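Undergrad: This is the structure I have questions about; it appears just below.
The values are calculated or read from the model by the stated rules, or taken from the named source; none is laboratory data. Please read all numbers here as calculations on a predicted model, not as lab measurements. For neighbour counting, all protein chains shown are included, and Cβ atoms are generated from backbone atoms with ideal geometry for every residue, glycine included. All accessible areas refer to the heavy atoms of the entire protein, side chains included, with ligands and DNA or RNA removed. Shrake-Rupley method; radii C 1.70, N 1.55, O 1.52, S 1.80 Å.
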Amino acid sequence: MSIMNDVGNKILYWHRELPPSDAEAMGEHIVEAMSQRLPNTLVHRDELWDRCHEDLIAHASMRIEQEVRRLGGDYAHVLDESIDARRDEVTGETWLHGRFTYMLYSRKKGR
C-alpha cells in the first residue's frame with residue numbers, strides 16, 4: 001500500500017521506479033528497520049523468510065515515509081538496501097535487519 005502526498009503522488013519509489021519529473025534532489029539519507037521476530041526453525045524456512053521480508057519492507061516503508069515528512073520532502077527514491085538475518089540464541093528467535101539508502105526529493109517550487 002502506497003501513501004500519497006497532498007497532490008496525489010505516492011511518496012515512496014523503490015529502485016527502478018522513478019519519482020515525478022518535478023522532483024528536485026534534497027540529499028541522500030539512510031534508514032534502518034527490523035522485521036518481527038520469529039522462531040528460528042528449519043521447518044518452513046522459506047515461508048518464514050518471506051514473512052520476515054514482507055514485514056521488514058513494511059516497516060522500512062513506514063520509516064522512510066515518516067522521514068520524508070520530518071525532513072520536509074515530498075518523495076523518496078530507495079537507491080540501495082542491505083538486508084541481513086539476525087538471531088538470538090537465548091530466545092531461539094530470528095529476524096531481518098535492513099539498511100535502506102534513499103534520495104529525498106521535493107517538488108520544484110511554483111508547481
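Undergrad: Out of the residues in the stretch 44-75 meeting the condition of being farther than 28 Å from residue 25 by Cβ and not acidic (Asp, Glu), tell me which one is nearest to the chain's Cα centre (by Cα). Quick ask: steps written out before the conclusion?
TA: Filtering the stretch 44-75 down to residues farther than 28 Å from residue 25 by Cβ leaves 44-55.
With the extra rule that they be not acidic (Asp, Glu), the set shrinks to 44-45, 48-49, 51-53.
Working: 44: 25, 45: 23, 48: 19, 49: 17, 51: 15, 52: 13, 53: 11 Å.
Filtering first and then ranking leaves 53.
Undergrad: Here is a follow-up. Out of the residues in the stretch 18-59 meeting the condition of being in contact with an Asp or Glu (Cβ under 8 Å, 6 or more places away or on another chain) and not in a strand (DSSP E or B), tell me which one is nearest to residue 74 (Cα to Cα).
TA: Step one: filter the stretch 18-59 for residues in contact with an Asp or Glu (Cβ under 8 Å, 6 or more places away or on another chain), giving 23, 29, 31, 35-40.
Subset that is not in a strand (DSSP E or B): 35-37, 40.
Working: 35: 26, 36: 28, 37: 32, 40: 39 Å.
Applying the filter and picking the extreme gives 35.
Undergrad: A further question follows. Restricting to the stretch 76-102, name every residue that is open to solvent by 40 Å² or more (accessible area, probe 1.4 Å), of a type in the set (A, V, I, L, M, F, W, C) and either modelled with pLDDT of 95 or more or touching a Lys or Arg at 6+ places or on another chain (Cβ under 9 Å) (or both).
TA: The answer is 79, 83.
Undergrad: Tell me, which residue of the stretch 15-31 that is at pLDDT 90 or above and surrounded by 16 or more Cβ atoms within 10 Å (Cβ to Cβ) is nearest to the chain's Cα centre (by Cα)?
TA: Only one residue fits best here, namely 31.
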